[in-house]
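Working notes, structure below.
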Amino acid sequence: MAAAAGIAVGGTRGAARRRVVIAGLGDSGVLTAIRLARHFDVVGISAAPGLVSGQELGLRLTRPREWARDYWIPFDRFRGLDRVRTVHGVLVGVDLDGNSVTVRDAAGAERAEPFDILVLSTGVRNGFWRVPDLRSDTEVARELRETNGRIGAAHHIAVIGGGAAAVGSAANLARTWPEKRIALYFPRDRALTAHHPRIWDRLRHTLTELGVELHPGHRAEDPADAITTGPVRWQTGQPDTAADAVLWTVGRTIPNTGWLPAELLDEHGFVRTTPELRVPGHPGVFAIGDVAATDPLRGSARNRADGLLARNIRAEVTGKQLRRYRTPRRRWGSVLGPQPDGLDVFAPNGRPFHFPGWSIDRVLRPWITRWGIYRGVRPNTPLE
């Protein structure tokens with residue numbers, strides 16, 4: 001096909017540097033773009049007006065200004081994206097034989113973006129905080145303020161779900177508003193079932209100390225993609241639950257792949273990949289992040305697979321051997337996010353590594369995150 005021929009003979013644009021189009025500039029897409037920018041002509045396409053991360057929902061709800069500083073970052077704040085051209089629009093189609101994707105902008109105009117290499121990193125829809133819609137800065141800011149205000153006004157909050165977003169949200173809500181009644185409902189006998197059991201054992205005690213009510217064995221009917229009010233009805237037979245605000249964090253992920261041909265997708269709509277993060281049958285097309293069907297946990301979104309993908313793209317262009325992505329057995333990392341006493345990052349074996357509170361602003365954010373991971377982030381206060 002055309003993509004394969006383009007790579008073999010030096011790119012479809014002759015002597016010019018090969019063009020990599022990154023479809024989706026969420027967490028994985030931004031990191032991949034930064035790693036590739038020195039070696040390729042990189043174009044990133046995003047429906048959001050910058051990196052609007054899906055991480056740390058609890059911090060987003062309770063401390064939106066602090067969350068925005070570190071997780072809503074306009075693309076021009078990233079020094080590593082200075083060489084990357086970003087396109088604000090939604091993806092509506094791809095021509096795999098002609099090597100181009102079609103993008104629709106806010107005015108409804110469509111245009112083609114040609115590529116030599118295509119990276120699919122469009123992520124998933126998951127609740128109100130991870131959406132594929134075309135948004136402006138004003139709309140992102142309005143959503144952050146409105147959800148913070150709605151949660152802040154509620155006296156009884158029901159958090160539905162058993163994953164990290166649910167546990168982290170419940171803890172942050174209880175710590176920020178100790179006067180509120182916070183209840184966490186999850187379907188099994190414990191939450192965080194994709195994590196090592198040690199992590200839940202530790203955080204169960206933390207939640208209890210914060211006053212969070214724990215309700216195992218509750219599976220809700222009719223989950224929503226917005227903050228709602230009660231009552232919540234249960235498939236598992238318990239009486240309906242009243243609440244002023246219901247936070248749905250049930251992990252109902254829908255891949256943002258409606259613009260892609262079915263031949264690229266598995267039975268659940270995620271992009272099929274080889275262990276090298278290639279899309280099978282389509283040389284020059286790769287996938288990473290939550291949209292990529294690498295493993296049941298879709299771990300390439302959380303295990304810094306951007307480094308391996310960037311290396312494999314360079315290897316494909318130069319004819320070298322590609323490396324295989326090793327899928328994780330369990331989820332790991334932070335669950336509660338930064339707290340007044342510091343940050344706990346859990347290893348796959350469930351053991352925590354603790355960053356003391358003083359180190360977050362002096363070491364972790366400026367040196368490990370902004371320089372070590374993102375290779376430089378300019379001052380950022382988008383919600384001021």
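Worth a mention:
- Of the numbered criteria (1) farther than 16 Å from V140 by Cα; (2) modelled with pLDDT of 95 or more; (3) of a type in the set (D, E, K, R), the one R17 fails is (2).
- Odd one out for T122, checked against (1) of a type in the set (S, T, N, Q); (2) modelled with pLDDT of 95 or more; (3) more than 30 Å from R18 (Cα to Cα): (3)
- Residue list for the stretch 238-252, restricted to those being touching a Lys or Arg at 6+ places or on another chain (Cβ under 8 Å) and open to solvent by 40 Å² or more (accessible area, probe 1.4 Å): D240
- Among the residues of the stretch 298-316, those identified as basic (K, R), more than 24 Å from V92 (Cα to Cα) and in a loop (DSSP other than H, G, I, E, B) are R302, R304.
- Residue check for L322: open to solvent by less than 30 Å² (accessible area, probe 1.4 Å), touching an Asp or Glu at 6+ places or on another chain (Cβ under 7 Å), at pLDDT 95 or above and hydrophobic (A, V, I, L, M, F, W, C): yes
Per-residue answers, yes or no, for (1) under 20 Å from V345 (Cβ atoms); (2) open to solvent by 20 Å² or more (accessible area, probe 1.4 Å); (3) not polar (S, T, N, Q):
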site	(1), (2), (3)
A292	no, no, yes
N303	yes, yes, no
A315	no, no, yes
T318	no, yes, no
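- Within the stretch 88-100, not a single residue is polar (S, T, N, Q), open to solvent by 40 Å² or more (accessible area, probe 1.4 Å), under 22 Å from F286 (Cβ atoms) and in a strand (DSSP E or B).
- Residues that are modelled with pLDDT of 95 or more, assigned to a loop (DSSP other than H, G, I, E, B), touching a strand residue (DSSP E or B) at 6+ places or on another chain (Cβ under 7 Å) and more than 26 Å from G123 (Cα to Cα) occur in the stretch 216-227; there is at least one.
- Some residue of the stretch 254-269 being open to solvent by 40 Å² or more (accessible area, probe 1.4 Å), closer than 19 Å to W129 by Cα and in contact (Cβ under 8 Å) with a residue 12 or more places away in the chain: yes
- Qualifying positions in the stretch 41-87 - open to solvent by 40 Å² or more (accessible area, probe 1.4 Å) and aromatic (F, W, Y): Y71
- Scanning the stretch 348-384 for residues that are in contact (Cβ under 8 Å) with a residue 40 or more places away in the chain and out of contact with any helix residue (DSSP H, G or I) (no Cβ under 9 Å at 6 or more places or on another chain) yields a single hit, P348.
- Within the stretch 250-297, the set of residues being of a type in the set (S, T, Y) and either in a helix (DSSP H, G or I) or farther than 15 Å from N126 by Cβ (or both) comprises T273, T274, T294.
- Remark: R298 matches the filter, which requires a residue to be touching an Asp or Glu at 6+ places or on another chain (Cβ under 6 Å) and among the basic types (K, R).
- Single unsatisfied condition, G333 versus (1) over 30 Å from V94 (Cα atoms); (2) surrounded by fewer than 14 Cβ atoms within 10 Å (Cβ to Cβ); (3) at pLDDT below 95: (2)
The values are calculated or read from the model by the stated rules, or taken from the named source; none is laboratory data. As the structure is a computational prediction, the values presented were derived from the model and not from experiment. Heads up, the Cβs are rebuilt from the backbone with ideal geometry, glycines too, and the neighbour counts pull from every protein chain shown. Each accessible area value is taken on the protein alone, full model and side chains, heavy atoms only, with ligands, DNA and RNA left out. Shrake-Rupley method; radii C 1.70, N 1.55, O 1.52, S 1.80 Å.
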